[in-house]
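Only one structure is covered here, and it is reproduced in the block below.
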């Protein structure tokens, strides 16, 4: 989710946040988390970043959700049936589930919510989630007033019919764009629905003070079960040092450990027993804009890859807080072995990098690397800058505030940028289609503007095949071509390390942001 599915940069977003400035004015009925940037939006139709999506998961629900084993489980739908040909999915809704405004959820609400994503006026970046549904093209071209593949069969039965089989489709329905929203509130608030999100989830938004904090209150009578805290406060604190200080003062309950604080907390006997971790389904990468000079040339992109010792950076600067990436697909989702010649492209070979640059006569070429102002990213950018300078590429680092940064890379402004992508659903397709298919330039995920017709065809073949072996073959070949073309320099799959206060119980780290509904955490014990 990018952002992105991510942004990535997402050291920063994934999870966590809080309220107040001193330990005397915080409430111990609320759990406090930290965000390092203001969410762009809380409207499920428009969200593309992990921070916004992780908050929206507390407000909204879909037909289905992911369980602890990353399988698809009932959510608002109590059960479903799939036709033998893989084209039709019929969902049977639970009764008595209500929006926060009090109205019961009906099948028509899903039809409205999904068609809203596809309506060109909404300008959703997530139309790809539903583009496999029958009748979408006609609806978007205004040749039809509705999507024929969305069928309301009574108040509590909803059917989706696809144009062709699509194996990850059920998993995709666990994503943020597939949340149900109330039509009356969307029409009432219009574009401001983002500031007044109303769904079926366990929390409601009480207050959003941009660049300061968001306060969520527990919703009574939620169908997901009892919530053990009165609410959640997300404090927006851009500076890592300030956030760590606030945590040590007891003003934040859970915090993602930045590189600058990881060793300190790991060695501290007071805190190391309160550190929790999880191997994330993510990939951090250096994006190279393939649509314009100089990185429209694959040989120069390969030179950048050869020039950087990613393993050394991971082991030293990043203190081993991840697994070295061999390509865009995270290791738990890759069901194939990469060929040896492909793995070789990720070896550190500065001599080869210099040879390519010398041979092409471009020594001293100047490029701009866009980053956010997060200190970890700033430090990493300077390391990358040094490696590329040794190879003959002069890098100018440009820092931007998060919203401006995201807008710039969506528009294709930078030559290079640092980002990450986090799984929206547990399938390798989620790291191939949004990020490398030529139909997804910009906010949909393909921010390097990479285009390769063979890769497009392979990804599509894998997406539409119900034969697992055929899917694996197609995805393997697609990823290997992508690695050879090098629109990304894939660095690592980050392992998340978080530290929590001793009074926090039931806290879990989830591999996918949509799984955290905030219902299991509680505050107990001494403070």
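Within the stretch 332-348, none of the residues are touching a strand residue (DSSP E or B) at 6+ places or on another chain (Cβ under 7 Å) and in a loop (DSSP other than H, G, I, E, B). Of everything listed in (1) under 22 Å from residue 73 (Cβ atoms); (2) under 21 Å from the mean Cα position of the chain (by Cα), the single unmet condition for residue 194 is (1).
If I ask for residues that are crowded, with 18+ Cβ neighbours inside 10 Å and not in a helix (DSSP H, G or I), which ones from the stretch 170-201 would you list? Matches in the stretch 170-201: 173, 174, 175, 179, 180, 181, 182, 197, 198, 199, 200, 201. Select from the stretch 330-371 the residues that are buried (at least 17 other Cβ atoms within 10 Å of the Cβ), closer than 30 Å to residue 398 by Cβ and within 26 Å of the chain's Cα centre (by Cα) and list them in ascending order. The answer is 330, 346, 369, 370, 371. Checking the stretch 361-374 against the condition returns no match, with no residue being over 28 Å from residue 337 (Cα atoms) and assigned to a helix (DSSP H, G or I). Go through the stretch 505-527 residue by residue and tally those that are in a strand (DSSP E or B) and surrounded by fewer than 20 Cβ atoms within 10 Å (Cβ to Cβ). Residues flagged as in a strand (DSSP E or B) and surrounded by fewer than 20 Cβ atoms within 10 Å (Cβ to Cβ) within the stretch 505-527 amount to 2.
Flag set for residue 40, criterion: in contact with a helix residue (DSSP H, G or I) (Cβ under 7 Å, 6 or more places away or on another chain) and either modelled with pLDDT under 95 or in the same structural domain as residue 225 (by TED's automatic domain parsing) (or both).
Only strands (runs of 3 or more DSSP E) whose full extent lies in the stretch 77-169 are considered here, and none of them has at least 2 residues that are assigned by TED's automatic domain parsing to the domain that holds residue 437. Evaluated against (1) within 29 Å of residue 472 (Cα to Cα); (2) at pLDDT 95 or above; (3) out of contact with any helix residue (DSSP H, G or I) (no Cβ under 7 Å at 6 or more places or on another chain); (4) buried (at least 18 other Cβ atoms within 10 Å of the Cβ), residue 280 falls short on exactly one condition, (2).
Might you check whether a residue that is farther than 23 Å from residue 418 by Cα and modelled with pLDDT under 90 occurs anywhere in the stretch 468-481? Checked against the condition, which is being farther than 23 Å from residue 418 by Cα and modelled with pLDDT under 90, the stretch 468-481 yields at least one hit.
Quick one: what pairs do we get from the stretch 512-523, first residue at positive phi, second outside any helix (DSSP H, G or I) and buried (at least 21 other Cβ atoms within 10 Å of the Cβ), C-beta under 6 Å, 6+ apart or different chains? The qualifying pairs are 518/58; 518/232. For the stretch 446-453, the count of residues that are under 22 Å from residue 408 (Cβ atoms), part of a strand (DSSP E or B) and out of contact with any helix residue (DSSP H, G or I) (no Cβ under 8 Å at 6 or more places or on another chain) is zero. Could you list, in sequence order, the residues of the stretch 251-310 that are outside the structural domain of residue 354 (by TED's automatic domain parsing), in a helix (DSSP H, G or I) and touching a strand residue (DSSP E or B) at 6+ places or on another chain (Cβ under 8 Å)? Of everything in the stretch 251-310, those that are outside the structural domain of residue 354 (by TED's automatic domain parsing), in a helix (DSSP H, G or I) and touching a strand residue (DSSP E or B) at 6+ places or on another chain (Cβ under 8 Å) turn out to be 262, 265, 266, 274.
The values are calculated or read from the model by the stated rules, or taken from the named source; none is laboratory data. Small disclaimer: the values here were computed from a predicted structure and weren't measured. As a convention, Cβ positions derive from the backbone with ideal geometry for all residues, glycine included, and neighbour counts pool all protein chains shown.
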